[in-house]
Amino acid sequence: MSILVTGSAGHLGEAVLRTLRAQGRAAVGLDVKPSPYTDHVGSVTDRELVREAMRGARAVIHAATLHKPHIVTHTAQQFVDTNVSGTLALLEESVAARVDSFVFTSTTSAFGAALAAPRGAPATWITEEVTPIPKNIYGATKIAAEGLCELHQRRHDLPVVVLRTSRFFPERDDNPDLRTEFDPANAQANELLYRRADIEDMVSAHLCAIERAPALGFGRYIVSATTPFSRADLPELGRDARAVVERLFPECAALYAARGWKLFQQLDRVYVNERARVDLGWQPRYDFAHVLECLREGRDFRSALAHEVGVKGYHGEAFRDGIYPVA
């Protein structure tokens, strides 16, 4: 019995398939783009293709999606077609095939406007209890797809786990000011404090979810690196995050200075992964303490898997303002 992975030409899909094949586990990939990890080329909206790809599968990891960087280049209808209708097709075919587990890759971007905090205000503590307020078609379609996942669990007893993933892509930030002020490694190291995970940890979360889905029935989890912060830190994080970090990690200032790096001055949110660690038995390895250990030892803090997958981009063309043509 194999595992079907959609989005197999993307960052996460390729990383999952690399890992499964290295473990000697049967897996097939489906994507609209050909790749060394794509066995079935086509859209998740193609029922016949989905049915063929799912033949013999015991589990589905549905990572295929249109992302935030596609908002300017794709229509709202295309987002609905791929992110909602495509998810519906996979869910219905999974029910028909009687798969044991369905894991849906959602996003912390779904929280949308719920993340907004005025500059200097306390950072927001983001758990699964926070109600999403989508602020674009990407977030709206991912929330709609989550609803379809929950519906199919309730109506058809399909075991489903929804993973709201934080950032794990290696590309430069979509914020032009941040791109100018911080090099990618510095920015991504900072983000491991509150809004990022290494792709190896993302893969392990998905594989844990496959195993736990039958016992859970349904679950929705935030997947991000384990934050060192507590709720008591939130007011100061909104004013002077650097002071909080340097208090928790006294060696940080010297290690960062030696590299020519700097910390973010304020943080607006903190993603909390406690429920995923408890319910899924997930044990993420890559956090800010790991970053500092690597800086001490002169090593790259990113996993070998992150380097193997590399930078992909999201479009087949370059844009004047970078790879993110997001208005």
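The values are calculated or read from the model by the stated rules, or taken from the named source; none is laboratory data. Small disclaimer: the values here were computed from a predicted structure and weren't measured. Here Cβ is always computed from backbone atoms with ideal geometry, including for glycine, and neighbour counts include all displayed protein chains.
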Residue ID - farthest from residue 203 (Cα to Cα), chosen from residues in segment 101-113 that are at pLDDT 95 or above and in contact with a Gly (Cβ under 8 Å, 6 or more places away or on another chain) | 107
In segment 221-241, residues that are surrounded by fewer than 19 Cβ atoms within 10 Å (Cβ to Cβ) and either touching a strand residue (DSSP E or B) at 6+ places or on another chain (Cβ under 8 Å) or in contact (Cβ under 8 Å) with a residue 12 or more places away in the chain (or both) total 5
Being in contact with a Ser or Thr (Cβ under 8 Å, 6 or more places away or on another chain) and under 21 Å from residue 11 (Cα atoms) is the filter; apply it to segment 32-52 and report the residue that is surrounded by the most Cβ atoms within 10 Å (Cβ to Cβ).
-> 44
Within segment 157-166, track down each residue that is in contact with a Ser or Thr (Cβ under 8 Å, 6 or more places away or on another chain) and of a type in the set (D, E, K, R).
-> 164
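Yes or no, residue by residue, for (1) at pLDDT below 95; (2) on the phi < 0 side of the Ramachandran plot:
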site	(1), (2)
260	no, no
272	no, yes
275	no, yes
278	no, yes
300	no, yes
303	no, yes
317	yes, yes
324	yes, yes
Is it true that some residue in segment 193-204 is touching a Leu at 6+ places or on another chain (Cβ under 7 Å) and among the hydroxyl-bearing types (Ser, Thr, Tyr)?
-> yes
Can you name every residue in segment 242-259 that is in contact (Cβ under 8 Å) with a residue 12 or more places away in the chain and not aromatic (Phe, Trp, Tyr)?
-> 242, 244, 245, 246, 248, 251, 252, 255, 258, 259
In segment 114-136, anything modelled with pLDDT under 80 and crowded, with 16+ Cβ neighbours inside 10 Å is listed as 114, 115, 117
So how many residues does segment 50-79 have that are farther than 24 Å from residue 209 by Cβ and modelled with pLDDT of 95 or more?
-> 2
Residue check: is residue 155 free of Cβ contacts under 8 Å to residues at least 60 places away in the same chain and farther than 27 Å from residue 231 by Cβ?
-> yes
Restricting segment 12-31 to residues that are of a type in the set (Gly, Ala, Ser) and touching a helix residue (DSSP H, G or I) at 6+ places or on another chain (Cβ under 6 Å), which is surrounded by the fewest Cβ atoms within 10 Å (Cβ to Cβ)?
-> 27
Of the residues that sit in segment 56-85 and are more than 18 Å from the chain's Cα centre (by Cα) and hydroxyl-bearing (Ser, Thr, Tyr), which one is surrounded by the most Cβ atoms within 10 Å (Cβ to Cβ)?
-> 85
Matching option when the condition is more than 26 Å from residue 308 (Cα to Cα) and more than 18 Å from the chain's Cα centre (by Cα), among 132, 176 | 176
Kindly indicate which of 210, 222 is within 30 Å of residue 153 (Cβ to Cβ), touching a helix residue (DSSP H, G or I) at 6+ places or on another chain (Cβ under 7 Å) and of a type in the set (Val, Ile, Thr).
-> 222
Is there a residue in segment 63-73 that is out of contact with any Pro (no Cβ under 8 Å at 6 or more places or on another chain), more than 21 Å from residue 17 (Cβ to Cβ) and without any contact (Cβ under 8 Å) to a residue 60 or more places away in the chain?
-> no
Report yes if some residue within segment 80-87 is of a type in the set (Asp, Glu), out of contact with any helix residue (DSSP H, G or I) (no Cβ under 9 Å at 6 or more places or on another chain) and closer than 21 Å to residue 164 by Cα; otherwise report no.
-> yes
